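In what follows, a structure is listed as structure tokens, so that the remarks can point back to it.
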């Protein structure tokens, strides 16, 4: 049994650890489970707000135990979260979290959908959320998802009846789902959608409740459960060698950017759903009660079911190919049923099962993983029939670019390979997430093509159709073109095949800070999409700034090669800010976008095209102290940002923290959430506090109040709460306007709190000892003042500072006031120490 368990875990993880999704090589047990799902005609749609909101236990249970078609509709892509695995934030983080969701669905068996809503950050109330989102547009997307997916059952992750008690996005997702439940069946609601789909009325709507929503297990135990259904989601799958909870744990652990890697769970566990509206429950055991989920549901389906139920009942685990004749017979009958939805959905499933039973291996691999317009691409095609059932390859084609007759009988386990050429047309759209193609708003992405709305990712532009003849029945299998390659230290790897621009350019630094009038050299990197790239590059810049030289020649011999250019940027004398952007001119065409590559092992390789620009800021800033140690937490660009304003920054690992090393620095800065994720840091606290006592400054950035690795964050009593201020424009009151941190070496004014992005800050302390002095007060509309955003305590000769202000967001945004305030935090007490040193001399 241990071998079976290990084998299945490897199978599960292989979908997420490869750099592109590897062609399926399913076991007989997986084929059998697919047949079980084929014979269940029912569907469940789970709805929540963000990636990682979904209950993977329930999705896995509905997909693998109930055998229902199960989908997850995430209203956003999670752009407003934090990133624990790298520096990407906002749009790029949304790309990562989208792929993490898809990786999770490949494991728990669900499907993934989205709306156009943009995760703009934490929201305290659905009124705010729906004001920033375009409520009607998001509601239309939810209705569209219901009409396309046609769920019998909808399950909300959150409670629509409790606005203001949790994240506004959470409650909004439930409120919109509750409203869309009825709208989806009205022809007058969003009638233009009916050109591509049809109205639909789900049968029941549930809320996935638990003790958490009641405040305690005791309150939940005492609650009225007459409208609740519960089921054991710890069920064991003998065919998998895993319990449902283990599958769910592996799925949720794909959300690595949010720190969701966790231990698997086993054993009995009850899950509850509360009936909200729809067809009354006939019992409290089955969400599908009274709904026909057999083939009898479909007109003409009884005969098809008669064939497929026998295949399921008599499934041959040692030779699944013996079922191909029956599967082909069912396939032909299926093409004649009138119900478009079930015909399309079950045809897709049945084709996949036929492919698996025959052991078909169909692959189209490009020599490179990307190409540009007007390019000819060499494609290696591999076709293999690993069954003894006669199958013919009639032809391979790709629209108008590639159509080649083959007429080959695929003998058992004989590999057939072909080398073909694909001609890329003159104006292909570059591969990039479709929701990032045009600039959206704070709350919404702009998607002009209605056919793309809701899709998890951009459909691949190039694929190969394998036209087969199986039992004299033509069946076409479509495979996206990929690149299959190997590395000596990695083995076989896969990447998606991409279309990229002829040229792209990026400026190495996204924010360039000028602390004085001195000019700076910047690097601009141009990447060639094809051989012999010739042209020139120039930099657009705001008035008052100067760049030398005005233009430089681009000459790159080989595709994929990069050329680096150095431009000198001369800032104005006074404080100023703006954007600079490179333009590459090639044959009367201008290229202004940056090609960004995202490469993590748990998700497929991603390419993203975004406007190439960097913010330049001429700061009026002064600072004291030069040498800064930085201890990294969950990932941010604070060290790089401090270097921009002239500090010497060294990133320290916990094991490097000792008295001698610390004595070389003027200040220590602790990265965001370091006390949540860096286990060894708790053993270094006394050393850090001693450093402060000897005259150093210690700045601790925000940590969450759950999962702290130490109870002693500070040398004095300090308690972190969930207090936060989400309005980036919230009024800031100076509680101690004469405090040095607001006056030296930079005079901090209200102007320094203008232009902040996404929020003021988060997880402010709400209890602290008298040694701490609160500096600022702020609050969201309708709330009490929050005074814990910036706390300063004298400790010996130095200062300990705790701050929940979101410097990690403001620095990448080039917010000048954030830099000035942080410089004061680093500088506090330094003039006094220098004076003391002189007196001692």
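The values are calculated or read from the model by the stated rules, or taken from the named source; none is laboratory data. All values reported here derive from a predicted model rather than from experimental measurement. Please note: Cβ atoms are built from the backbone with ideal geometry, for glycine as well, and neighbour counts cover all protein chains shown.
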- Query: Inside segment 392-407, can you point out the residues that are more than 41 Å from the chain's Cα centre (by Cα) and modelled with pLDDT of 95 or more?
  - Reply: 392
- Query: Are any residues in segment 578-589 part of a strand (DSSP E or B) and surrounded by fewer than 21 Cβ atoms within 10 Å (Cβ to Cβ), and if so, which ones?
  - Reply: 578, 579, 581, 583, 585, 586, 589
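Restricting to segment 722-755, and then to whatever is part of a strand (DSSP E or B) and closer than 24 Å to residue 645 by Cβ, can you tell me which residue is nearest to the chain's Cα centre (by Cα)? Break it down stepwise before answering.
From segment 722-755, those part of a strand (DSSP E or B) are 722-725, 732-734; that's our starting set.
If we keep only those that are closer than 24 Å to residue 645 by Cβ too, we end up with 732, 734.
On the way: 732: 32, 734: 37 Å.
Among those that are part of a strand (DSSP E or B) and closer than 24 Å to residue 645 by Cβ, it is 732.
Inspect segment 486-498 for any residue being under 21 Å from residue 600 (Cβ atoms), under 31 Å from the mean Cα position of the chain (by Cα) and modelled with pLDDT of 95 or more and give the result as yes or no.
Applying the first criterion (under 21 Å from residue 600 (Cβ atoms)) to segment 486-498 yields 486-498.
Applying the additional criterion that residues be under 31 Å from the mean Cα position of the chain (by Cα) yields 486-498.
Adding the requirement that they be modelled with pLDDT of 95 or more leaves none.
Scanning segment 486-498 turns up no residue that is under 21 Å from residue 600 (Cβ atoms), under 31 Å from the mean Cα position of the chain (by Cα) and modelled with pLDDT of 95 or more.
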- Please verify whether segment 274-288 includes one or more residues that are closer than 22 Å to residue 63 by Cβ, in contact with a helix residue (DSSP H, G or I) (Cβ under 6 Å, 6 or more places away or on another chain), in the same structural domain as residue 90 (by TED's automatic domain parsing) and modelled with pLDDT of 90 or more. no
- Query: Looking at (1) buried (at least 22 other Cβ atoms within 10 Å of the Cβ); (2) out of contact with any helix residue (DSSP H, G or I) (no Cβ under 7 Å at 6 or more places or on another chain), which is the one condition that is false for residue 613?
  - Reply: (1)
- If you take just the helices (runs of 4 or more DSSP H) that sit entirely in segment 123-242, which of them hold at least 1 residues that are within 27 Å of the chain's Cα centre (by Cα)? 126-132, 135-149, 168-183, 211-214
- Subset of segment 754-776 (residues that are buried (at least 22 other Cβ atoms within 10 Å of the Cβ) and touching a helix residue (DSSP H, G or I) at 6+ places or on another chain (Cβ under 9 Å)): 756, 759, 760, 761, 775, 776
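Does residue 642 satisfy being within 31 Å of the chain's Cα centre (by Cα), assigned by TED's automatic domain parsing to the domain that holds residue 545 and at pLDDT 90 or above? Can you show your working first?
Details: within 31 Å of the chain's Cα centre (by Cα): yes; assigned by TED's automatic domain parsing to the domain that holds residue 545: no; at pLDDT 90 or above: yes.
So residue 642 does not fit the description; no.
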- Do you know which of the residues in segment 730-753 that are touching a residue at least 60 places away in the same chain (Cβ under 8 Å) and farther than 21 Å from residue 799 by Cα is surrounded by the fewest Cβ atoms within 10 Å (Cβ to Cβ)? 751
- Sort through 548, 485 and tell me the only one that's farther than 19 Å from residue 567 by Cβ, surrounded by fewer than 21 Cβ atoms within 10 Å (Cβ to Cβ) and out of contact with any helix residue (DSSP H, G or I) (no Cβ under 9 Å at 6 or more places or on another chain). 485
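So, residue 130, is that one at pLDDT 95 or above, surrounded by fewer than 24 Cβ atoms within 10 Å (Cβ to Cβ), touching a helix residue (DSSP H, G or I) at 6+ places or on another chain (Cβ under 8 Å) and over 22 Å from residue 756 (Cα atoms) or not?
On the way: at pLDDT 95 or above: yes; surrounded by fewer than 24 Cβ atoms within 10 Å (Cβ to Cβ): yes; touching a helix residue (DSSP H, G or I) at 6+ places or on another chain (Cβ under 8 Å): yes; over 22 Å from residue 756 (Cα atoms): no.
It is false that residue 130 is at pLDDT 95 or above, surrounded by fewer than 24 Cβ atoms within 10 Å (Cβ to Cβ), touching a helix residue (DSSP H, G or I) at 6+ places or on another chain (Cβ under 8 Å) and over 22 Å from residue 756 (Cα atoms).
Of everything in segment 80-103 that's assigned to a helix (DSSP H, G or I) and touching a strand residue (DSSP E or B) at 6+ places or on another chain (Cβ under 8 Å), which residue is nearest to residue 120 (Cα to Cα)?
Going through segment 80-103, the residues assigned to a helix (DSSP H, G or I) turn out to be 90-103.
Now restrict to residues that are touching a strand residue (DSSP E or B) at 6+ places or on another chain (Cβ under 8 Å): 91-92, 95-96, 98-99, 101-102.
Working: 91: 10, 92: 13, 95: 15, 96: 16, 98: 16, 99: 19, 101: 19, 102: 21 Å.
Taking the candidates together, the pick is 91.
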- Note on the structure: Of those in segment 590-608 that are touching a strand residue (DSSP E or B) at 6+ places or on another chain (Cβ under 7 Å) and assigned to a loop (DSSP other than H, G, I, E, B), the residue farthest from residue 503 (Cα to Cα) is 604
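Per-residue answers, yes or no, for (1) in contact with a helix residue (DSSP H, G or I) (Cβ under 6 Å, 6 or more places away or on another chain); (2) at pLDDT 95 or above:
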residue	(1), (2)
140	no, yes
164	no, no
173	no, yes
176	yes, yes
182	no, yes
187	no, yes
196	no, no
213	no, no
217	yes, no
- Message: Return the residues of segment 672-700 that are in contact with a strand residue (DSSP E or B) (Cβ under 6 Å, 6 or more places away or on another chain), crowded, with 20+ Cβ neighbours inside 10 Å and in a loop (DSSP other than H, G, I, E, B); say none if nothing qualifies.
- Response: 696
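Take the residues in segment 561-577 that are touching a residue at least 40 places away in the same chain (Cβ under 8 Å) and outside any strand (DSSP E or B); name whichever of them is surrounded by the most Cβ atoms within 10 Å (Cβ to Cβ). Spell out the reasoning first.
Of all residues in segment 561-577, those touching a residue at least 40 places away in the same chain (Cβ under 8 Å) come to 564-577.
Keeping just the survivors that are outside any strand (DSSP E or B) gives 571-575.
On the way: 571: 24, 572: 16, 573: 9, 574: 9, 575: 13.
Going through the qualifying residues, I end up with 571.
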- Counted residues in segment 413-436 being in contact (Cβ under 8 Å) with a residue 60 or more places away in the chain and either buried (at least 19 other Cβ atoms within 10 Å of the Cβ) or in contact with a helix residue (DSSP H, G or I) (Cβ under 6 Å, 6 or more places away or on another chain) (or both) come to 6
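Just for helices (runs of 4 or more DSSP H) wholly inside segment 262-380: which have at least 3 residues that are within 30 Å of residue 484 (Cα to Cα)? Give the steps one after another, and end with the answer.
Working: elements: 301-313, 324-334, 340-357.
The helices (runs of 4 or more DSSP H) meeting that bar are 340-357.
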- Only one of (1) in contact with a helix residue (DSSP H, G or I) (Cβ under 6 Å, 6 or more places away or on another chain); (2) surrounded by fewer than 17 Cβ atoms within 10 Å (Cβ to Cβ); (3) free of Cβ contacts under 8 Å to residues at least 40 places away in the same chain is not met by residue 662, so which one is it? (2)
